[in-house]
Amino acid sequence: MALGLEEVRRRVNVDEPDYPKLAATLGVESVPQLRTLVEADDAAVASKAAYLLSLLPSPESLAGLEVDARSADESVRVAAAAAFGNVTSLSAFGAGPAAAETQLRRLLADSDPGVRKVALRSAEAVGPHALRTAIEQMASSDPEALLRRAAENVLRDLS
């Protein structure tokens, strides 16, 4: 039986959630409640809900992550960037790799360096070959020297 929105919010809104355990407890039936939290709640709850969605494979989970990837709040976009690193088996989410690649391409060019850094890590997990052009762009022109070097290292590992 699915928990109500307020119970899901209560379980998500803790200082340091045990995400795998919480995902197992809530189950995929909580995806609609988590989607509500990512779309309508404060940044702290939205970012935690986003990460949980990445551990609950369904097409609705992926749609929630796409919403978070476009959030005005950089902490929510960081959570979405990290979450896309978990969706390496996109067939379980009812989608092909293009869904995560599109979002990661955008996040690799985000205005916030923290978002770009986490997106680069997730790009390595999802499949950097498909994101090679975006990573090359980051390596050649990211405003942050540390991120340029990190992108260069990812490209070097691809060779």
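The values are calculated or read from the model by the stated rules, or taken from the named source; none is laboratory data. In this text, all values refer to a predicted model and were calculated from it rather than measured experimentally. Virtual Cβ from ideal backbone geometry, glycine too; neighbours counted across all protein chains shown. What goes into the accessible areas is simple: the full protein's heavy atoms, side chains included, and nothing from ligands, DNA or RNA. Shrake-Rupley method; radii C 1.70, N 1.55, O 1.52, S 1.80 Å.
Worth a mention:
- Here Arg121 and Val28 are evaluated by their C-beta separation; at R0 = 30 Å the FRET efficiency comes out at 0.75.
- With θ taken as phi - 60° and the Karplus curve 6.51 cos²θ - 1.76 cosθ + 1.60 applied, the whole-hertz 3J(HN,Hα) list for the range 110-115 is 4, 6, 9, x, x, 5 Hz, x standing for glycine and proline.
- What the phi angles of the range 144-159 give under the Karplus curve with 6.51, -1.76 and 1.60, with θ = phi - 60°, is a coupling list of 9, 4, 4, 6, 4, 5, 4, 5, 4, 5, 4, 5, 4, 5, 6, 5 Hz, glycine and proline written as x.
- Averaged over residues, the count of other Cβ atoms within 10 Å places the peptides 137-145, 107-115 in the sequence 107-115, 137-145, highest first.
- Portion, in percent, of the accessible area of the chain that falls on carbon or sulfur, probe 1.4 Å: 52 percent
- The slack in the chain from Ala72 to Ala145, taken as 0.36 nm per residue of separation less the alpha-carbon distance, amounts to 23.8 nm.
- Net charge over other residues, Cβ less than 15 angstrom from the Cβ of Thr102 (K, R count +1; D, E count -1): +1
- Computed with a 1.4 Å probe over protein heavy atoms only, the accessible surface of the range 37-159 comes to 43 Å² per residue.
- Coupling constants for the range 70-75 follow from the phi torsions by the Karplus curve (6.51 cos²θ - 1.76 cosθ + 1.60, θ = phi - 60°), and in residue order they are 9, 4, 6, 8, 5, 5 Hz; glycine and proline get x.
- Simple label model, 7 Å out from Cα along Cβ direction - Arg10 to Leu155, nm: 5.2 nm
- Per residue, the chain reaches -20500 deg cm²/dmol at 222 nm when only DSSP H runs of four or more residues are counted, each adding -39500 (n - 2.57).
- Accessible area (Å², 1.4 Å probe, nearest 10) - Leu55: 60 Å²
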